[in-house]
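Read the structure below first, then the notes.
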């Protein structure tokens with residue numbers, strides 16, 4: 001596989017469930033990102049990881065917990081979500097933080113919280 | 001970062017050139033112009049970027065005015081698959097820690113058959 005792969009593509013969960021979104025990049029990039037895109041709204045950056053270390057957390061609620069075990073994999077653990085958290089969650093990567101303006105995005109995980 | 005202004009929507013006939021404008025009158029000397037597009041329910045896709053010279057790649061051409069206050073993304077022969085939201089973003093090349101790339105509302109381009 002090439003590029004940035006996100007799984008699952010669609011997820012429906014209840015407010016008490018625990019689930020995880022997975023992102024894998026096959027580009028040899030060192031920086032990875034989670035973005036959130038709610039309906040009719042611009043993309044919002046959630047987290048940035050650089051060489052597995054978290055370098056940005058844009059005031060994201062603790063019910064979203066990222067994990068970056070290595071430069072190729074990024075997870076978003078979800079727990080006790082609210083219906084307003086329903087959105088398209090996008091993972092992206094870049095060569096390194098200095099190349100953060102050229103991002104490669106995955107196709108996204110469409111999350112619905114009931 | 002400099003603010004950008006784009007029309008909210010545009011139509012283009014299939015096979016014709018699509019010219020998408022972007023105003024960035026407050027751009028500073030070290031800021032580049034980037035273009036991305038997002039096809040419905042997919043992740044954004046990087047298209048092209050430039051500083052002051054016109055740029056061309058396999059996807060599009062970027063024309064930046066001499067005063068750099070505006071630019072135009074040109075899709076030379078638009079197809080139905082080019083229907084998407086197109087984002088114009090102005091940012092400096094950062095060094096060191098990662099910085100946020102801000103996507104605005106963009107231009108919804110609809111290619112008509």
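Just so you know, all these numbers are worked out from the coordinates, no wet-lab data involved. Quick caveat, the model's predicted, so the values are computed rather than measured. Reconstructed Cβ throughout: ideal geometry from the backbone, glycine too, with neighbour counts over all protein chains shown.
Figures for the structure shown
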quantity: Residue-averaged beta-carbon neighbours from other chains (10 angstrom radius) around A:88-95; calculated: 2
quantity: Theoretical gain in end-to-end length, residue B:9 to residue B:65 [0.36 nm per residue, Cα-Cα removed]; calculated: 18.0 nm
quantity: Counting DSSP beta bridges with both ends in the protein assembly as shown, the antiparallel % (nearest 5); calculated: 90
quantity: GNM top mover of B:40, B:49, B:24 - chain B, alpha-carbon springs below 10 Å; calculated: B:40
quantity: Cβ neighbours within 10 Å from other chains - mean over B:35-45; calculated: 5
quantity: In nm, spacing of pseudo-spin labels at residue A:18 and residue B:26 (7 Å Cα→C-beta vector); calculated: 4.5
quantity: Exposure proxy order (Cβ contacts within 10 Å, fewest to most) of A:68, B:22; calculated: A:68, B:22
quantity: Förster radius 22 Å - calculated FRET efficiency between residue A:41 and residue A:62, Cβ distance, rounded to 0.05; calculated: 0.55
quantity: Peptide A:44-57 - average C-beta neighbours from other chains (10 Å radius); calculated: 2
